[in-house]
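The values are calculated or read from the model by the stated rules, or taken from the named source; none is laboratory data. Just so it is clear, the structure is predicted and the values come from calculations on it, not from any experiment. For neighbour counting, all protein chains shown are included, and Cβ atoms are generated from backbone atoms with ideal geometry for every residue, glycine included.
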Amino acid sequence: MTDLRVRVSGSDDLRARVAALDGVTVVDDDPDCCVTDDPAADAGSLPTVAVADDPTAVHGGLAGFVRPDAPDTHLLDQLRLAVSRASPSRSKAERLHDITRDIVACDDPETVYRLATEAAARILDFDISYVAEAGETYFEPKAMSETMGEDGYTDTMRIDEGLAGRTYQRGESILVDDLAAVDEAKPVDPDYRAALSVPIGDIGIFQAASTRPGTFDERDRELVELLMSHVAETITRLRTEARLREERRTIEQLHESTTELLACQEETALCERIVTAAERVLEFEVCSVLLVNHETGRLEIVATSDSPLAPPVGNTIRPDEGIAGRTFQEETTILVDEVENYPEAKPSDEAFESALSLPLGSVGVVQAIAAEPRAFDDRDRELAELFVSQAAAVFARLRAEQELVTERDRLEQFASVLSHDLRNPLSVAKGHLDLTLESGDEQHLERVDDALDRMDALVDDVLTLAREPSLDERPDLDLETHAEEAARNVGLDALRVADGLPTVGADPSALLRLLENLFRNAMEHGDDDVTVRVEPLTDGDATVGFAVADDGPGIPETAREQVFESGYTTGGGTGLGLPIVRSIAESHGWSVTVDDSEAGGAQFEIRTT
């Protein structure tokens, strides 16, 4: 497009401002138009644009008007419109073509809408027009003609009512010659008589009004539809570009957050960083991380958002309960658009309306929840799955490292047993054997025999610790049968087996050894007539494992973790019996804890689910 030739009538500041505009040449001879900030200036027949605070202070017949603080692009648009409107040799369609090129070149929606309403005023000669975007419930005005007063529009116009709602919902233009004859028409201003309503794709609507019936015709409708098609195309492009920029920013921030995850060296810090990233990057309102507690077998919240709506850390649910339980069991993402549509959902707060629940590998669940329905979409799911899968990989690394530490500790236990526990009975046996040889007194051989028995027990326990149970096949085993066999093996006479014992999937020899060690522990620390009871372990109405209880002296609360440490013993045992119990349980994915029994003795609780 050739430069506009503009004559400036007014201050030096205005001349400098116009001269700085792209595509404008300031001239005194043969100008295309005039611009002035002098209310008294007379440009004759030239199309004139006034720059003033008050449009009523300048003379009539202006081709355009801008305020002094308006952007330079606005001034340039007004100058071009003034020239286009004044050209008798050019049709409205030709002049619209020029303005649509400017619209398509825009880089922000506000300018697009402003140019559209100005084109309606300057080129199509519409007195009153405006553009509105469709929100969730109401239209939101974005731009309007300067002649439209504050009472001429409203921001409470529903997207499903009136002419505007019909235009948007059906995607079709409506031309009304007389609004008084149309029942669904509800003009904001009672003076409005004629109207033209045109959809802007799926974005919103354009509406023009007039106080004169029959103002608009089919040609106006065609020209506005042409103009709005360019507006819709440009707004769609700008929205797409904005979404791509936002997605690129989100991906970059997720990459940074993933780098932070990789640096974590312990699970608590990892969980807290998952929550922080979900809030900061994915913009989730409330996020919680739930991990399986191996002692209770329940999903426990270990990290959550700092929000009054967030469930507190420490809350637990069964691993088969609610949306979180289903996510954990099926290891699949669940997007809850409205809680009321999911009967199994058990939100911690009645305010929650939607959720996004993601499996954290096989160790837990990450949940995002919101107080409004349909707060999450497929894009949220994709980004969250990408991030949580990385977090699950870090969990796997931390768990693998912990297994290596456990294996190292196991080897250190073997070394301790071999270097210390076996050396003592060896020394005892050797000493008494020497005494037997020297004195010929065979009573020392009893001590040798005792020492050899202890060595045999130690070797047996060490081998048990060293050999992981074969878990390739884990048949469902009858607990009562194995408990009775274990009692016979260790010489336990007073065994009581309760009704309702569950079957357990386990390695048969490992389960037998676990029960033998628990029974033997009760016999070593109780009286000769100690009674041991095997009974179901329940959580509410669900059976979650089994318990082995006795009526012996019990275990002090301060020693309940020590009893699972290698070498810890208060009797004549090897100190490896209960560590073997824990080792067997953990190898099966179970947990074992100790508490008081109803009879006042010890109760070992083995959770198998």
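Tabulated results
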| quantity | calculated |
| --- | --- |
| Count of region 87-117 residues which are within 22 Å of GLU218 (Cα to Cα), in contact with a Leu (Cβ under 7 Å, 6 or more places away or on another chain) and at pLDDT 90 or above | 1 |
| Lone unmet requirement of (1) of a type in the set (A, V, I, L, M); (2) out of contact with any Asp or Glu (no Cβ under 8 Å at 6 or more places or on another chain); (3) closer than 17 Å to PHE387 by Cβ for LEU282 | (2) |
| Any hit, region 314-329, residues being over 16 Å from PHE376 (Cβ atoms) and either among the aliphatic types (A, V, I, L, M) or modelled with pLDDT under 85 (or both) | yes |
| Residue in region 349-364 that is hydrophobic (A, V, I, L, M, F, W, C) and closer than 26 Å to ARG582 by Cβ present | yes |
| Top-ranked residue of region 248-279 - restricted to ones that are of a type in the set (Asp, Glu) and assigned to a helix (DSSP H, G or I), ranked as farthest from VAL366 (Cα to Cα) | GLU252 |
| Residue within region 170-180 that is crowded, with 20+ Cβ neighbours inside 10 Å and among the small types (Gly, Ala, Ser) present | no |
| Output for region 501-510, where each listed residue is within 17 Å of LEU537 (Cα to Cα) and either acidic (Asp, Glu) or touching an Asp or Glu at 6+ places or on another chain (Cβ under 8 Å) (or both) | LEU501, THR503, VAL504, GLY505 |
| Matching residues in region 104-131 - criterion: being part of a helix (DSSP H, G or I) and closer than 14 Å to GLU225 by Cβ | ALA116, ALA119, ALA120 |
| Within region 198-224, tally of residues that are farther than 25 Å from GLU94 by Cβ and not β-branched (Val, Ile, Thr) | 6 |
| Selection status of ARG245, in a helix (DSSP H, G or I) and exposed (fewer than 13 other Cβ atoms within 10 Å of the Cβ) | yes |
| Looking only at region 51-79, and only at residues there that are touching an Asp or Glu at 6+ places or on another chain (Cβ under 7 Å) and buried (at least 18 other Cβ atoms within 10 Å of the Cβ), the one that is modelled with the lowest pLDDT | ASP77 |
| Selection within region 591-609 - surrounded by 17 or more Cβ atoms within 10 Å (Cβ to Cβ) and under 13 Å from GLU535 (Cα atoms) | SER597, GLN603, PHE604, GLU605, ILE606, ARG607 |
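Yes or no, residue by residue, for (1) in contact with a Phe, Trp or Tyr (Cβ under 9 Å, 6 or more places away or on another chain); (2) touching a residue at least 60 places away in the same chain (Cβ under 8 Å); (3) over 18 Å from ALA121 (Cβ atoms):
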residue	(1), (2), (3)
PRO187	no, no, yes
ALA194	yes, no, no
VAL198	yes, no, no
GLN207	yes, yes, no
VAL224	yes, yes, no
LEU227	yes, yes, no
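This table checks each residue for (1) crowded, with 19+ Cβ neighbours inside 10 Å; (2) β-branched (Val, Ile, Thr); (3) under 21 Å from GLU110 (Cα atoms).
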position	(1), (2), (3)
ARG193	yes, no, no
THR211	no, yes, no
ARG219	no, no, no
HIS230	yes, no, yes
